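J.: One structure, pasted below without further comment.
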Amino acid sequence: MMEPLEKIVKALAAGAANNLRPNLRGLENTAVSNQFYALKALIARKYAKVDEDVLDIGPASAERQQQMMTQLQDVSADEDEEVLQQAEILLTAVKKHDPKAFWASTPIEALSTHP
């Protein structure tokens with residue numbers, strides 16, 4: 001089970017990875033994109049100090065994911081049920097419509113530790 005901060009960051013990274021795939025179109029992409037932008041808008045509305053665009057470029061960057069995690073931790077977003085619920089909705093949409101986005105948002109360091 002993912003920790004709350006990890007869940008939010010993974011959702012944002014997978015949503016960003018989905019948006020970087022120009023050949024994925026149609027309802028699948030729209031379903032994920034809608035939930036991705038809903039989570040980003042929620043974070044922007046509630047936490048002005050968080051740069052919700054950090055993962056839009058390089059969602060698999062361990063450094064960018066850590067930066068996002070730190071920003072979210074600084075504002076205690078991991079304790080915000082509304083943010084956690086929207087992250088879960090986004091993760092569910094990714095699992096259903098674009099599971100490859102999880103792989104595409106995984107830092108290379110993490111991939112190299114698995115055989």
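The values are calculated or read from the model by the stated rules, or taken from the named source; none is laboratory data. Note that the coordinates shown come from a computational prediction; the quantities given were computed from them, not determined experimentally. Virtual Cβ from ideal backbone geometry, glycine too; neighbours counted across all protein chains shown.
J.: Step by step: first the residues of segment 42-69, then only those that are within 23 Å of Lys100 (Cβ to Cβ) and of a type in the set (Val, Ile, Thr), then the one that is surrounded by the fewest Cβ atoms within 10 Å (Cβ to Cβ). Which residue is that?
T.: Ile57
J.: For segment 75-90, give me each residue that is buried (at least 17 other Cβ atoms within 10 Å of the Cβ) and free of Cβ contacts under 8 Å to residues at least 40 places away in the same chain.
T.: If the condition is that a residue be buried (at least 17 other Cβ atoms within 10 Å of the Cβ) and free of Cβ contacts under 8 Å to residues at least 40 places away in the same chain, then Asp80 is the only one that fits.
J.: I'd like to know if segment 92-99 contains one or more residues that are in a loop (DSSP other than H, G, I, E, B), closer than 16 Å to Lys7 by Cα and over 15 Å from the mean Cα position of the chain (by Cα).
T.: Here is the first cut: in segment 92-99, the ones in a loop (DSSP other than H, G, I, E, B) are 98-99.
Narrowing the set further to residues that are closer than 16 Å to Lys7 by Cα leaves 99.
Okay, now just the ones that are also over 15 Å from the mean Cα position of the chain (by Cα), so none.
No: zero hits.
J.: Here is a follow-up. Determine which single condition Leu39 fails, assuming it passes every other condition in (1) surrounded by fewer than 18 Cβ atoms within 10 Å (Cβ to Cβ); (2) closer than 19 Å to Ala17 by Cα; (3) not small (Gly, Ala, Ser).
T.: Condition not satisfied by Leu39: (1).
J.: Follow-up question, since we're still on this one. In segment 1-34, which residue that is outside any helix (DSSP H, G or I) and not hydrophobic (A, V, I, L, M, F, W, C) is modelled with the highest pLDDT?
T.: Here the answer is Glu3.
J.: Now, a different point. Looking at Asp56, Asp78, which is the one that is charged (D, E, K, R) and not in a helix (DSSP H, G or I)?
T.: Working: Asp78 fails: not in a helix (DSSP H, G or I).
Within the list Asp56, Asp78, the selection yields Asp56.
J.: Using the structure shown, decide if Leu72 is part of a helix (DSSP H, G or I), over 18 Å from Pro99 (Cα atoms) and touching a residue at least 12 places away in the same chain (Cβ under 8 Å).
T.: Judged against the criteria, Leu72 is a match.
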